[in-house]
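Report on the following structure.
The values are calculated or read from the model by the stated rules, or taken from the named source; none is laboratory data. Keep in mind the model is a prediction, meaning the values are calculated, not measured. Backbone-built Cβ (ideal geometry, glycine too); neighbour counts: all protein chains shown. SASA here: full protein model, heavy atoms, side chains in, ligands and nucleic acids out. Shrake-Rupley method; radii C 1.70, N 1.55, O 1.52, S 1.80 Å.
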Amino acid sequence: MAEYICPNCKKPIYDDEALLCLYCGESLRRGVVVHKIIITVIVIGVLLSFAVLIIK
């Protein structure tokens, strides 16, 4: 198991699937980066398609 450090209380978490800290109960903020990248790609895609539609 990989060790993950809680960003709030700084204690190690050894559960790979935990979304909340076992000690303080706060979110471990896992997967936030992936969601932001996906949303950014979708927004850029929509803006580019709108621009192409306006140009034609």
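Couple of notes before you dig in:
- Residue in the range 36-55 that is assigned to a loop (DSSP other than H, G, I, E, B), open to solvent by less than 100 Å² (accessible area, probe 1.4 Å), among the aliphatic types (A, V, I, L, M) and out of contact with any Lys or Arg (no Cβ under 7 Å at 6 or more places or on another chain) present: no
- Test: L20 is out of contact with any helix residue (DSSP H, G or I) (no Cβ under 6 Å at 6 or more places or on another chain) and open to solvent by less than 70 Å² (accessible area, probe 1.4 Å): no
- Test for Y4: is it among the aromatic types (F, W, Y) and open to solvent by 80 Å² or more (accessible area, probe 1.4 Å): no
- Scanning the range 13-35 for residues that are assigned to a helix (DSSP H, G or I) and within 19 Å of E3 (Cα to Cα) yields V32, V33.
- In the condition set (1) without any contact (Cβ under 8 Å) to a residue 12 or more places away in the chain; (2) in contact with a strand residue (DSSP E or B) (Cβ under 6 Å, 6 or more places away or on another chain); (3) aliphatic (A, V, I, L, M), I13 is compliant with all but (1).
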